Amino acid sequence: MTQTATTSLETVEALYEAFARGDVGTVLGVIAEDAEWFEAEGNPWYLGHPFVGPQQIVDGVFARIGDEYEDFRLDIHRFLVDGDTVAALGRYSATSHRATGRPLDAQFVHVWDVRDGTMVRFQQYTDTRQWADVMGAGAS
């Protein structure tokens, strides 16, 4: 079990490193064809169902981050590992949302399920009210 947990943690750490470099190709190489990506309920991008597979994840999440936010970053503070499941605790930040000019600074927990070095499921937990306010979708 320790070996699997270590492998899963290394996979998730490598994903965050690739995100930080803007290396989408490496990220996509680790996402299973049928991977499920769940945005937090209440997030303005939440559809009521997961994005499935690399292309939906790119179109529904990654491309939107790049299109909508200036200097978007993820700062990881801690990892928790349980077998093939890895939780990452940290903060999102961006200097501004392009449409509103508002900065983003929101905490998150990401829960990753990894099988044999491949990401099969992702669940986001974050302050969805702050996201909505930054994006101009919430009450001011």
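Here is how the numbers come out for the structure above:
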{"quantity": "Unique residue being over 26 Å from Ala132 (Cβ atoms) and at pLDDT 95 or above when the list is Val109, Val30, Val12", "calculated": "Val12"}
{"quantity": "Every pair of residues 6+ apart whose Cβ atoms lie under 9 Å, when the first sits in region 80-106 and is in contact (Cβ under 8 Å) with a residue 40 or more places away in the chain while the second is small (Gly, Ala, Ser) and in a strand (DSSP E or B)", "calculated": "Val81/Ala87"}
{"quantity": "Qualifying residue in region 43-54 (condition: closer than 20 Å to Ser96 by Cα and hydroxyl-bearing (Ser, Thr, Tyr))", "calculated": "no"}
{"quantity": "Any hit, region 49-56, residues being more than 17 Å from the chain's Cα centre (by Cα) and not small (Gly, Ala, Ser)", "calculated": "no"}
{"quantity": "Subset tally (residues that are surrounded by 18 or more Cβ atoms within 10 Å (Cβ to Cβ), part of a helix (DSSP H, G or I) and of a type outside the set (Val, Ile, Thr)) for region 85-132", "calculated": "1"}
{"quantity": "Sole residue being out of contact with any Asp or Glu (no Cβ under 8 Å at 6 or more places or on another chain), among the acidic types (Asp, Glu), on the phi < 0 side of the Ramachandran plot and free of Cβ contacts under 8 Å to residues at least 24 places away in the same chain, chosen from Asp75, Asp67, Asp34", "calculated": "Asp75"}
{"quantity": "Count of region 41-66 residues which are buried (at least 18 other Cβ atoms within 10 Å of the Cβ) and within 21 Å of Asp133 (Cβ to Cβ)", "calculated": "1"}
{"quantity": "Scope region 67-84; condition surrounded by fewer than 15 Cβ atoms within 10 Å (Cβ to Cβ), more than 12 Å from the chain's Cα centre (by Cα) and charged (D, E, K, R); matching residues", "calculated": "Asp67, Glu70, Asp71, Arg78, Asp82"}
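The values are calculated or read from the model by the stated rules, or taken from the named source; none is laboratory data. Just so we're clear, the structure is a prediction, and the values are computed from it rather than from any experiment. Here Cβ is always computed from backbone atoms with ideal geometry, including for glycine, and neighbour counts include all displayed protein chains.
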